[in-house]
Amino acid sequence: MKPKRYIIPVFIPHLGCPNDCVFCNQRKISGKLKPADGDTVKNAIESSKSALPDDVSAELAFYGGSFTAIPAEEQIALLEAALPFLRTGAISGIRVSTRPDAIEEQCLVRLRNYGVKTIELGAQSMDDGVLRASRRGHGSEDTERAAKLIKKHGFSLILQMMTGLPGDTEEKSVLTAKKLISLSPDGVRVYPTVIIRDTALYELWKRGEYREHSVEDAVNLGARLFKLFEEADIPVIRFGLNPSDELSGGDAAGGAYHPALGELVRSRVYLNLARELLSSTTHDRDIILGVGRGCVSLMTGQRRSNVSALIKEFGLNTIKVLETDIPAGKKVTILH
Ligand code: SF4
């Protein structure tokens, strides 16, 4: 059996980031937070480890800023603090997140020497117009170059993309997903844009210069992207921002913020598959759909929304959803 995995997060507030992306509020947040140092790393590992069972494999993750854009000596201080824990096996590896234009050979050699295994790259879009409108400060060719270099050095590569950015469209997001797939990442994270207070995007939105990417927009598009990544055998390891008290308490002023966004998208995938099945087969008006183990709620949808939609669209009387043995490569089948 695979050991359970746990991430020990160390937040690097805006450290190393020369930018001010329109959607990001980290510059404001970071002014209120103490910068991370060696003690932050040591304390984070020790307090997490004391609360974890022995059979859990813990990985240290530097999130928030752009790790490889921090001055080299500060990167080394953070990594050196983790080294004793890596040597004793208290942590199994380290992951860092960073920007595509902050990756070069020398820094990759350093990360490898300090036991970093995974690099998460914030691509956000592969459309240069969208990147410019979002003030990302890098182009799509930076992502291509960085992704290839990361793979060449043997790291596990996670690519992050956003949907609903300024100037973005559904088709541009689909093209972004296809370009990310062509870079063969080991996983992707998809973050639909959330309008956070105290950001340039919030101001654009208030002035009517940005049309918000609603939860419904994100779910619709997300289901398309999910299918693309799934067909390419690339796991979507996160869909949507992690819910937090701050975001739920009002910092998320608009856009695609929902505490269970990933669940909504997975459920929409099931709805779309059931639609395809019902459109292509003759069936009764009382039907039974079969899904894999543990997937009944994904098929029925929140408050049975998928069932209601299918009944209405296909003029059905009733739909039952049952667990069944589903053939490999399928998610939904009609049992009756
Ligand atoms: S690069 Fe990352 S940390 Fe820097 S402003 Fe953009 S989103 Fe924020």
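Miscellaneous remarks
- The listed residue being of a type in the set (Lys, Arg), farther than 24 Å from TYR191 by Cβ, modelled with pLDDT of 95 or more and not assigned by TED's automatic domain parsing to the domain that holds ASP186, out of ARG303, ARG275, ARG293: ARG275
- Residue in the stretch 69-89 that is among the hydrophobic types (A, V, I, L, M, F, W, C), within 16 Å of the ligand (Cβ to nearest atom), buried (at least 19 other Cβ atoms within 10 Å of the Cβ) and under 30 Å from GLY208 (Cβ atoms) present: no
- Residue list for the stretch 279-315, restricted to those being closer than 23 Å to ASN220 by Cα and part of a loop (DSSP other than H, G, I, E, B): GLY292, GLY294, CYS295, GLY301, GLY315
- Top-ranked residue in the stretch 238-286 [being of a type in the set (Ser, Thr, Tyr) and surrounded by fewer than 17 Cβ atoms within 10 Å (Cβ to Cβ); ranked as farthest from THR163 (Cα to Cα)]: THR282
- Check on ILE234, among the β-branched types (Val, Ile, Thr) and within 14 Å of the chain's Cα centre (by Cα): yes
- Residues of the stretch 199-233 that turn out to be part of a helix (DSSP H, G or I) and among the hydroxyl-bearing types (Ser, Thr, Tyr), as a count: 1
The values are calculated or read from the model by the stated rules, or taken from the named source; none is laboratory data. Source: prediction; values computed, not measured. Here Cβ is always computed from backbone atoms with ideal geometry, including for glycine, and neighbour counts include all displayed protein chains.
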